[in-house]
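Notes follow the structure.
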Amino acid sequence: MSRAPRPPLPGRKADANRIAEMIRVDHAGEYGAVAIYEGQLAVFGKIPSKVRIANQLRHMAEDEQAHLDAFDGFIRRRGVRPTALMPVWKIAGRTLGVATALMGEKAAHACTEAVETVIEGHYTGQIGELEAAGEDELATRFTQFRDEEVAHKALAVDEGAKEAFGYPLLSKLIEAGCRTAIGITTKI
């Protein structure tokens, strides 16, 4: 398991490449999250008896779209190269969304819970690095995004995520997929 990069000493600027990696990875992650919700809504949005979960998913998708829009701005303003893997993450996200929706509401919520578990830790680590580097604007925005992701996770748990059929395996597979995507996107 690789170790997280060490944050710079207080008062020192973070390596510009590290900041670019954070923005690239998080941009791709938010893009993937939007795709997951698109996939889930493609299933639940067409079933009249699933209005409640469809509305929950729409709300979370709106949050993810707002995060993606913010990262689009960071990419432009800071001249960061987006990942070349955006088409892959779009397909993977939509596929995961459709698959978990077809497994049922609890599985869809288990997907959210697993993704947000990884993302909460991911953002928390980045926030520490950004604060140490004096990147206050990014640290503040990442904190806002993390808190919204934690709210998504809490909703998913409240809605029975951990009661999904095969939850332990499903959760671990999704978490592993997220970690793998983060690792790959850091460089590509």
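When Ala33, Ala16 are screened for being of a type in the set (Gly, Ala, Ser) and open to solvent by 40 Å² or more (accessible area, probe 1.4 Å), only Ala16 passes. Test Ala176 against the criterion of being touching a Phe, Trp or Tyr at 6+ places or on another chain (Cβ under 6 Å) and either open to solvent by 30 Å² or more (accessible area, probe 1.4 Å) or among the aliphatic types (A, V, I, L, M) (or both), and give yes or no. No.
When Thr100, Thr83, Thr112 are checked against the criterion of being farther than 20 Å from Ala154 by Cα and either assigned to a helix (DSSP H, G or I) or of a type outside the set (A, V, I, L, M, F, W, C) (or both), a single residue qualifies: Thr83. Could you list, in sequence order, all residues of the stretch 82-124 that are open to solvent by less than 40 Å² (accessible area, probe 1.4 Å), among the small types (Gly, Ala, Ser) and under 21 Å from Phe142 (Cα atoms)? Listed by number, the list holds a single entry, Ala114.
Of the residues making up the stretch 134-153, those that are more than 18 Å from Val80 (Cα to Cα) and of a type in the set (Gly, Ala, Ser) are Gly134, Ala151. If the condition is being under 22 Å from Tyr31 (Cβ atoms) and either open to solvent by 50 Å² or more (accessible area, probe 1.4 Å) or free of Cβ contacts under 8 Å to residues at least 40 places away in the same chain (or both), then the stretch 125-143 contributes Ile127, Glu137, Ala139, Thr140, Arg141, Thr143. Looking across the stretch 37-73, the residues that are open to solvent by 20 Å² or more (accessible area, probe 1.4 Å), among the aliphatic types (A, V, I, L, M), closer than 16 Å to Gly104 by Cβ and in a helix (DSSP H, G or I) come down to Leu41, Ala42, Val43, Val51. Only one entry of Ala154, Ala114 meets the criterion of being at pLDDT 90 or above and within 12 Å of the chain's Cα centre (by Cα), and that entry is Ala114. Scanning the stretch 144-166 for residues that are open to solvent by 40 Å² or more (accessible area, probe 1.4 Å) and assigned to a helix (DSSP H, G or I) yields a total of 13. Checked against the criteria, Ala20 does not count as part of a helix (DSSP H, G or I), closer than 26 Å to Leu102 by Cβ and at pLDDT below 95.
The values are calculated or read from the model by the stated rules, or taken from the named source; none is laboratory data. Only a predicted model underlies this, so the values are computations on that prediction, with no experimental measurement involved. Please note: Cβ atoms are built from the backbone with ideal geometry, for glycine as well, and neighbour counts cover all protein chains shown. For the accessible areas, the whole protein counts, side chains as well, though only heavy atoms, and no ligand, DNA or RNA atoms are used. Shrake-Rupley method; radii C 1.70, N 1.55, O 1.52, S 1.80 Å.
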